[in-house]
Amino acid sequence: MKKSLLSAIILASCSTLSAQDLKLNDLEYFERQGVNILVFSNSFNGGFNDEKNSGIEIIHHGVRTIQGGSVRLNKTPEQWDLVPKMTDRKVNRENGSIEVTMRYDDYDFDSRVVVTAKGKAVEIAVWLDKPVPEKLAGEAGFNLEFLPSQYWLKTFMMDGRLNRFPRYATSMTVTRPNAEKPRQFKGFKTYDDRGTDRFVDPCPLETGHKITMAMDAPDRMISISSEDSELQLYDGRMLAQNGWFVLRSELPKGKTGKVITWTVEPNAIPGWIREPNIGFSQIGYVPNQPKVAVIELDKQDKPQATASLMRIKEDGNAEEAFKGDIKTWGNYFKYNYVKFDFSSVNKPGIYYIQYGNTKTNNFLIDERVYDKITDATTDVWVPIHMNHMYVTEGYRTWHGEPFKEGYLQAPPSDHFDLHRQDSTIDTKYKPYELIPGLNVGGFFDAGDFDIETGSNINVVQNFIRAWELFKPQRDETFVSQKQRYVELHRPDGVPDILQFIEHGTLNLIAQAEQIGHMASTLSNSVLDNYHHLGDAASITDGLHYDPSLKPYEVSADGKRSGTPDDMWAFTTRNPSLDFQAATMFAAASRALTGYNDDLAARALTQSKRLMQEATELMKQRPKRPMPAFARFNNGDISTNLQLYAATKEKQYREKYEKAIWAALDSNLSFTMQTALDAIPYMDEAYKKKLRPYVVKFNDYIKGFDKENPYGVPIGLGNWAGVNAVLSFGITVNYANIYYPEIVSKDEVYRVANWLYGCHPYHNYSFVAVVGATRPKQVFYGNNRADFSFIPGNVAPGLLFRKPDHFENFDDWPFLWGQNEGTIAGNTQYIIFGSSLKGVMNVK
Ligand SMILES: [Ca+2]
Ligand SMILES: [Ca+2]
Ligand SMILES: [Ca+2]
C-alpha cells in the first residue's frame with residue numbers, strides 16, 4: 001500500500017514536469033495534458049470532399065476545435081472546393097516532427113508541411129520544391145480552421161488590436177470574375193452567379209503577424225505568430241453556413257524552400273483534468289431492468305471509491321437512495337472507464353447520480369419510461385420528410401409541395417453526392433426529357449432533398465416490418481394524396497404507418513412503371529441547389545426547364561423557365577436494385593391489400609416482372625459487387641423469404657431454406673436477423689432447428705462486454721455507427737421475443753442505454769425524442785442552419801477520429817457523419833423502438 005502510494009507520487013511528479021512540453025507520442029501525435037495536435041492522422045479522403053475532419057487538427061481540452069490545417073486553394077474552403085491528396089507522411093522521432101506531402105492533381109501542384117514540437121508550441125512550416133503554379137498564385141495558402149461555435153463571442157487580439165469573434169457572419173465580401181476562381185469538385189459550382197459571371201470572395205476580418213485568440217477562455221486560448229508571412233483571419237460562414245473561422249497565409253509567388261513559418265501555441269490549463277462523463281439512460285429505467293452507469297475518466301483522473309444514487313422527494317429535497325462501489329472496467333482508446341451499478345434500486349421516482357463533485361441531471365425510474373420512444377419519430381420526423389407534399393404543423397409550414405415540374409432524364413454525368421449516370425441511360429427517354437409521373441410519394445433522403453431509391457426501399461420495408469409484427473394503430477397524421485397535403489397532430493382515421501407505406505410505395509411504383517426499372521436516385525441537377533437549406537418547395541422554380549429561354553427568363557405563359565434547376569432521374573439500370581425493389585413490392589402488396597387494393601395489385605405486378613427481368617439480367621451480366629443495402633438485407637435469402645411470405649409459393653421457401661443454414665454457419669451475427677424474420681412464416685421444426693444458433697448468438701451478445709465498456713458494437717468508420725448499433729438492438733429484441741429462455745430480457749437494454757445517453761464523449765440522448773431529460777440539441781437536418789433539430793431524429797452518434805478520439809458535437813450541427821439522421825436510419829429506429837415496446841408489452 002505504502003509502496004504503491006509512493007510510486008504514484010513519483011509518477012505524478014514526473015508527469016507534472018514532463019507535461020510542460022509537447023511530446024510526439026506512440027500514436028503519432030503531439031501531446032501534453034489538455035492539448036493534442038494531430039498531423040494528418042485523418043486525411044482528406046472521407047468521400048464527400050472537405051468534411052471538416054482532416055489535416056492538422058487540435059483537440060483542445062478534450063474538444064476537437066481546430067482542423068483543416070493544410071495547403072488550400074481558397075480563403076475559406078467549402079465542402080466542394082478541392083482538397084489535397086496526401087501522398088506521403090513521415091514521422092521523424094529524432095527531430096520530434098511529422099512531415100506530410102500533399103498534391104493537387106488538377107494543378108500538378110505539390111507542397112510539404114512539416115510540424116515540429118518546440119517546447120509548448122509547434123512550428124508549422126510549408127515547403128515548396130517548385131514555385132506555386134501561376135494559376136494559383138495569390139489563391140493558394142496555408143489554412144487552419146477554428147470551430148465557430150467554440151470561438152464566437154470570444155475575444156481576439158491581432159498585433160495588439162482587440163476584437164471579438166462575431167456570432168453571425170456579417171463581414172465584407174467582394175466579387176471577382178469566375179475565371180479567377182480555382183476549379184471546384186469535378187468542375188461543379190457551389191453558387192448561382194445570377195448571370196454575372198462573378199464569384200463572391202470574402203475579405204479578412206483582420207491581418208497581422210501575431211494573433212492571440214480567446215484570452216477570456218483559457219481552455220480555448222491559442223497564440224499564433226509568423227515573422228515571414230502575414231496572417232489573415234476570415235469568416236468562412238460568409239460563403240456557407242457550415243464554414244469555419246480560417247486563419248491563413250498566402251503562399252508567396254515565385255519562391256521555393258521554406259516559404260511559410262508559423263508558431264502555434266495552444267494554451268494548456270495547469271493541472272487540467274477532464275470532467276468525468278457519467279453515461280446513463282436519459283429516458284430512465286423500468287424498475288426491474290439492470291441499471292449501470294458507465295463513467296468515462298481522464299487517464300490522469302483517480303477513480304472515486306463509491307458513487308451515490310440520489311432520490312428527489314416529493315417535497316423537492318434529495319436523499320441518498322443507494323451508495324455503491326465503483327468498479328473498474330479499464331482503458332478503451334484515450335480514456336479510463338469505471339462502472340456504477342445501481343440495479344438494486346427499483347422504487348419508482350426521480351433520481352440523479354452523484355459521483356465525487358459531479359452531479360448528473362435527473363432521470364426517472366418508472367414502468368412507463370419506454371412508452372413514448374417512437375412517437376416523435378413517427379408523428380413528427382417522418383411526415384416532415386414526405387416529399388411532393390405540403391407539410392404543416394399547427395401554425396407552422398415545414399415545407400410547400402416540392403418539385404412540381406417533375407424530373408428530367410439525367411444526361412451522362414459523373415455527379416456529386418456519390419451519384420452518377422452512365423453513358424447507358426437504359427430508358428426510352430432522351431437526356432433532359434421529362435419523365436412523367438415521378439413527382440409523387442417518397443421521402444427526403446436526410447439533410448438533403450433527393451430520393452435515394454435504395455434508402456426508400458429500406459424505408460418501406462422498415463414500415464412494413466413494424467406494421468406486420470406490431471400493428472401500430474397510431475393515427476396522429478392527416479395525409480391526403482389527392483390534396484398533396486399533410487398535417488401533423490390531425491388524426492384522419494387511418495393508421496399513419498399504412499399511409500407511410502403507401503407514400504413510399506407510390507414513388508417507387510412510379511419509377512418501376514414509368515422508367516421500367518428502378519432509378520438509382522432522383523436528385524438535384526446542379527450543385528448550387530443541392531446544398532439548399534430552407535423550404536424544399538423553393539429548391540426549384542416549379543417551372544419546366546426550357547433551354548430555348550435565357551437563364552432566369554420565364555415564358556409568356558408563365559409555365560417554363562430558362563433556369564436549369566429541374567431535378568434529374570438517374571436511370572442506369574442496376575438489376576440488384578430491381579431485385580431489392582421486387583422484394584419490397586411483394587411485401588408492400590401484402591401490407592396494402594384491404595387499404596389500397598389498386599396500389600397493392602400494381603405492386604405485385606411490378607414485383608413479379610422485376611424479379612423475372614432482374615434474374616435474367618444478372619445471369620447475362622458479369623457479377624458486380626452487391627450494393628451495401630442488399631448486403632445489409634442478406635440479398636437473395638431475404639428476397640426469397642419475402643416472396644414466400646407474400647405468395648406462399650413453395651419454390652421460394654425451398655430456396656430460402658436451402659440458403660439460410662449455410663449463411664448462419666458462415667456469418668451468424670449478420671444472418672440472424674433474417675433467420676428470425678422468417679419465424680412467423682415457418683413451422684415449429686424451423687424454430688427448433690434455429691435454437692442452437694440463437695444460443696451462439698447469445699454468446700455473441702455477451703462478448704461485447706469485453707470489447708468495450710458499453711457492451712454494444714461501436715463503429716470506427718467515417719460515418720458514426722448508429723445503424724449497426726440499431727441493427728444489433730433489433731436482432732437482440734427479436735431474439736428475446738422468440739427465444740426468451742435463451743436471450744434474456746436484460747440484454748435488450750444495451751442499445752437503449754447507448755442511444756439514450758450511456759456512451760462516450762457526452763451523456764446526451766442521440767434521439768431528439770419525447771421522454772429524455774437531456775436530448776441532443778442540434779442535428780444535421782434540413783433546418784441545421786438554425787442550430788436546431790427535427791423531433792424524433794436519430795443522430796449517427798459517436799464519430800471516431802483516428803487514432804483515439806470519439807466525438808459528437810452538440811453545438812455544431814454541420815458534421816453529417818455524427819449528426820445527420822437519415823430516412824433509412826430513422827425508420828430502422830422505429831423498428832428498434834417498436835420491438836423494444838413489444839418486449840415491454842407497450843401497446
Ligand atoms: Ca442524398
Ligand atoms: Ca393518419
Ligand atoms: Ca424548374
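Among what's in the stretch 464-481 and is touching a residue at least 24 places away in the same chain (Cβ under 8 Å) and farther than 23 Å from A603 by Cα, pick the residue that is surrounded by the most Cβ atoms within 10 Å (Cβ to Cβ). Top of the filtered list is T477. The set of residues in the stretch 221-240 being within 17 Å of L205 (Cα to Cα) and of a type outside the set (G, A, S) consists of I224, E230, L231, Q232, L233, Y234, D235, R237, M238, L239.
Working only within the stretch 162-173, note down all residues that are touching a residue at least 24 places away in the same chain (Cβ under 8 Å) and open to solvent by 10 Å² or more (accessible area, probe 1.4 Å). Once the filter is applied, which keeps residues that are touching a residue at least 24 places away in the same chain (Cβ under 8 Å) and open to solvent by 10 Å² or more (accessible area, probe 1.4 Å), the stretch 162-173 yields N163, P166, Y168, A169, S171, M172, T173.
Inspect all residues belonging to the stretch 386-404 and state whether any of them is of a type in the set (G, A, S) and within 18 Å of Q511 (Cβ to Cβ). The answer is no, given that none of the residues of the stretch 386-404 is of a type in the set (G, A, S) and within 18 Å of Q511 (Cβ to Cβ). Taking (1) within 16 Å of ligand 2 (Cβ to nearest atom); (2) part of a loop (DSSP other than H, G, I, E, B) in turn, F478 satisfies each apart from (2). Restricting attention to the stretch 485-526 and to residues that are within 16 Å of ligand 3 (Cβ to nearest atom) and touching a strand residue (DSSP E or B) at 6+ places or on another chain (Cβ under 8 Å), the residue that is nearest to L610 (Cα to Cα) turns out to be L522. If you go through the stretch 239-259 and keep only what is out of contact with any Asp or Glu (no Cβ under 7 Å at 6 or more places or on another chain), part of a loop (DSSP other than H, G, I, E, B), under 17 Å from L73 (Cβ atoms) and open to solvent by 10 Å² or more (accessible area, probe 1.4 Å), you end up with P252, K253. Counting only residues that are farther than 13 Å from T263 by Cα and open to solvent by 40 Å² or more (accessible area, probe 1.4 Å), the stretch 108-120 holds 3 of them.
Would you please name the residue that is farthest from the chain's Cα centre (by Cα), looking only at residues in the stretch 358-371 that are open to solvent by less than 10 Å² (accessible area, probe 1.4 Å) and of a type in the set (A, V, I, L, M, F, W, C)?
Filtering the stretch 358-371 down to residues open to solvent by less than 10 Å² (accessible area, probe 1.4 Å) leaves 363, 365, 370.
Now restrict to residues that are of a type in the set (A, V, I, L, M, F, W, C): 363, 365.
On the way: F363: 27, I365: 31 Å.
My answer is I365.
Looking at (1) in contact with an Asp or Glu (Cβ under 7 Å, 6 or more places away or on another chain); (2) touching a residue at least 24 places away in the same chain (Cβ under 8 Å); (3) open to solvent by 30 Å² or more (accessible area, probe 1.4 Å), find the lone condition where D228 falls short. The failed condition is (1). Filter the stretch 526-569 down to residues that are within 16 Å of ligand 1 (Cβ to nearest atom) and not in a loop (DSSP other than H, G, I, E, B) and give me whichever is most open to solvent (accessible area, probe 1.4 Å). Per the criteria, the residue is D528. With respect to (1) in a helix (DSSP H, G or I); (2) away from ligand 2 (no atom under 16 Å from the Cβ); (3) within 13 Å of N439 (Cα to Cα), the lone exception for G504 is condition (2).
Considering (1) under 20 Å from P431 (Cα atoms); (2) within 16 Å of ligand 1 (Cβ to nearest atom), the lone condition that H517 does not fulfil carries the number (2). In the stretch 192-213, the qualifying residues are those that are part of a strand (DSSP E or B) and open to solvent by 60 Å² or more (accessible area, probe 1.4 Å), and the one that is farthest from P564 (Cα to Cα) is K210. Say we look at the stretch 735-772 and pick out the residues that are over 19 Å from the mean Cα position of the chain (by Cα) and small (G, A, S); which of these is farthest from G825 (Cα to Cα)? Residue satisfying both the conditions and the ranking: S744.
In this structure, does G838 turn out to be over 24 Å from I66 (Cα atoms), of a type outside the set (K, R) and open to solvent by less than 20 Å² (accessible area, probe 1.4 Å)?
no
Tell me yes or no: at least one residue of the stretch 459-471 is under 17 Å from F570 (Cβ atoms) and among the aromatic types (F, W, Y). Within the stretch 459-471, not a single residue is under 17 Å from F570 (Cβ atoms) and among the aromatic types (F, W, Y). Of everything in the stretch 374-422 that is surrounded by fewer than 20 Cβ atoms within 10 Å (Cβ to Cβ), within 29 Å of V767 (Cβ to Cβ) and among the small types (G, A, S), the residue that is nearest to ligand 3 (Cβ to nearest atom) is G400. For Y756, the conditions (1) touching a residue at least 40 places away in the same chain (Cβ under 8 Å); (2) out of contact with any strand residue (DSSP E or B) (no Cβ under 6 Å at 6 or more places or on another chain); (3) among the hydroxyl-bearing types (S, T, Y) are fulfilled apart from (2). Applying the condition of being open to solvent by 20 Å² or more (accessible area, probe 1.4 Å) and hydrophobic (A, V, I, L, M, F, W, C) to the stretch 680-720 and asking which residue is farthest from E820 (Cα to Cα) yields A685.
Just so you know, in the stretch 556-602 the residues that are among the aromatic types (F, W, Y) and out of contact with any helix residue (DSSP H, G or I) (no Cβ under 6 Å at 6 or more places or on another chain) include one that is nearest to E649 (Cα to Cα), and it is F570.
Among the residues examined, A752 does not qualify as assigned to a helix (DSSP H, G or I), farther than 30 Å from E31 by Cα and open to solvent by 20 Å² or more (accessible area, probe 1.4 Å). Filtering the stretch 402-430 to residues that are closer than 30 Å to V486 by Cα and part of a loop (DSSP other than H, G, I, E, B) leaves P402, F403, K404, E405, G406, A410, D417, H419.
When you go through L592, L533 one by one, which is the residue that is of a type outside the set (K, R) and within 16 Å of ligand 2 (Cβ to nearest atom)? Spell out the reasoning first.
Values: L533 fails: within 16 Å of ligand 2 (Cβ to nearest atom).
Sole residue among the options that is of a type outside the set (K, R) and within 16 Å of ligand 2 (Cβ to nearest atom): L592.
Scanning the stretch 174-191 for residues that are surrounded by 16 or more Cβ atoms within 10 Å (Cβ to Cβ) and part of a strand (DSSP E or B) yields a single hit, Q184.
The number of residues in the stretch 434-455 that are in a strand (DSSP E or B) and either within 15 Å of ligand 3 (Cβ to nearest atom) or within 17 Å of the chain's Cα centre (by Cα) (or both) comes to 3.
Within the stretch 692-711, how many residues are among the hydroxyl-bearing types (S, T, Y) and assigned to a helix (DSSP H, G or I)?
2
The values are calculated or read from the model by the stated rules, or taken from the named source; none is laboratory data. On a predicted model such as this, the values are computed, not experimentally measured, just so you know. In this analysis, Cβ positions are derived from the backbone assuming ideal geometry, glycine residues included, and neighbour counts consider all displayed protein chains. Note: accessible area is taken over every heavy atom of the protein model, side chains too, but ligands, DNA and RNA are not part of it. Shrake-Rupley method; radii C 1.70, N 1.55, O 1.52, S 1.80 Å.
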